[in-house]
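> Shown below is the structure under consideration.
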Amino acid sequence: MSEGKEAKSDPVRATLTDAAYRLITEEGIEALTVRRLAQEAGTSTMAVYSRFGSISAVASEVSERAFVDFGAALTVAGTTDDPLADLMCQGLAYLRFATANPLLYTLMFQYTSKEWATSHRKSLLQEGSPTDSVSGRAAFTAMAETVRRASPADTDETALLIHAGVVWSTVHGLAMLSIAGHLGGAHDLVARSGLVTLAAGYGVARAEAEAAFARAEKRME
C-alpha cells in the first residue's frame, strides 16, 4: 500500500502528516520532533512511532507530499501551443513555489536520512530522471516534457535530458540564492535575465526569448 493510501485509510497517520507538513513549512525541519509532532497533532508519541517508525520517516513523507504540490505548481499555467512561454511559466512557477515555501523547499532538496537516502537520487542520463521518488520524478518529467516541446524535433534524448537538467539546475540555483537572501531586490531581474539567457544559449533568438518571457509573465499575473 502506498504512503498516500495509508494516510487516507489511517486518519491518525493523515493528521500526523498534515501537522508535520505545517510545522516544516512554518518553522523548518528543526521544529519536527516526535514530542512536538504528537502535541501538534493531538496524539501520543507512540502514535508517531507506530505509524512511521522514526521522525526522519515523517520528514520523508512530508518531502514526498511537497513534491506533489511542487509538481502541481509547475503545471498550473497549463500547456499551450507556445512551448517556450510554457517553459518560462514553469521557471517562474518554480521560483515562486520555492521562495513562498523556503523551509519546505530546503527540506525537499537538502534533507538526508536513512529513509530519504541515496536510493532516491539517480543518474539523470542513465535513469532519465534525477530521482526514483514517484512525486519527484513526476515534477521533473513535467519540466522535461516542456523542454522537449520547446526543442527542435530532431533533438536526441540525451540532449533533451541534459537540457532539462540545465534548466532545473539554473532555476534551482536562483531559488536557493533567493532563499538565502543573496539576490535581495534583484530577484526578478536576475530571474528574467537567467531564463532569457538560458533560452538564447540553446539557439533561440534573444528577442524571441524576451518576448516569450513577457508572455509568460503576463500569464502568471
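The values are calculated or read from the model by the stated rules, or taken from the named source; none is laboratory data. From a predicted model like this one, the values you see are computed outputs, not experimental measurements. Note that we place each Cβ from the backbone using ideal geometry, even for glycine, and neighbour counts take in every protein chain shown. To get the accessible areas, we keep the full protein, side chains included, count just its heavy atoms, and leave off ligands, DNA and RNA. Shrake-Rupley method; radii C 1.70, N 1.55, O 1.52, S 1.80 Å.
> Determine which member of the set V68, V34 is touching a residue at least 40 places away in the same chain (Cβ under 8 Å) and of a type in the set (A, V, I, L, M, F, W, C).
V68
> Would you check which residues across segment 160-181 are open to solvent by 40 Å² or more (accessible area, probe 1.4 Å) and either closer than 25 Å to A66 by Cβ or over 20 Å from the mean Cα position of the chain (by Cα) (or both) and list them?
Residues satisfying the conditions are V166, S169, T170, H172, M176, L177, I179, A180, G181.
> Sticking with this one: If we keep just the residues of segment 182-193 that are part of a helix (DSSP H, G or I) and free of Cβ contacts under 8 Å to residues at least 40 places away in the same chain, which is most open to solvent (accessible area, probe 1.4 Å)?
Residues of segment 182-193 part of a helix (DSSP H, G or I): 184-193.
Applying the additional criterion that residues be free of Cβ contacts under 8 Å to residues at least 40 places away in the same chain yields 184-186, 188-190, 192-193.
On the way: G184: 55, G185: 88, A186: 38, D188: 113, L189: 130, V190: 50, R192: 75, S193: 56 Å².
Residue satisfying both the conditions and the ranking: L189.
> Specify which of the listed residues (A153, A209) is more than 17 Å from M108 (Cβ to Cβ) and open to solvent by 60 Å² or more (accessible area, probe 1.4 Å).
Within the list A153, A209, the selection yields A153.
> Please work out if V48 is part of a helix (DSSP H, G or I), at pLDDT 95 or above and among the hydrophobic types (A, V, I, L, M, F, W, C).
yes
> Additional query: Hey, among A216, A139, A211, A200, which residue is closer than 16 Å to G91 by Cα, assigned to a helix (DSSP H, G or I) and touching a Cys at 6+ places or on another chain (Cβ under 7 Å)?
Sole residue among the options that is closer than 16 Å to G91 by Cα, assigned to a helix (DSSP H, G or I) and touching a Cys at 6+ places or on another chain (Cβ under 7 Å): A216.
> From the list A41, A57, exactly one residue is in contact with an Asp or Glu (Cβ under 6 Å, 6 or more places away or on another chain) and either within 30 Å of D188 (Cα to Cα) or open to solvent by 10 Å² or more (accessible area, probe 1.4 Å) (or both). Which is it?
So the residue among A41, A57 that is in contact with an Asp or Glu (Cβ under 6 Å, 6 or more places away or on another chain) and either within 30 Å of D188 (Cα to Cα) or open to solvent by 10 Å² or more (accessible area, probe 1.4 Å) (or both) is A57.
> Then there is this: I need the full set of residues from segment 62-84 which are farther than 16 Å from A138 by Cβ and either open to solvent by less than 60 Å² (accessible area, probe 1.4 Å) or among the small types (G, A, S) (or both), in order please.
Those that are farther than 16 Å from A138 by Cβ and either open to solvent by less than 60 Å² (accessible area, probe 1.4 Å) or among the small types (G, A, S) (or both): V62, A77, G78, T80, D82, P83, L84.
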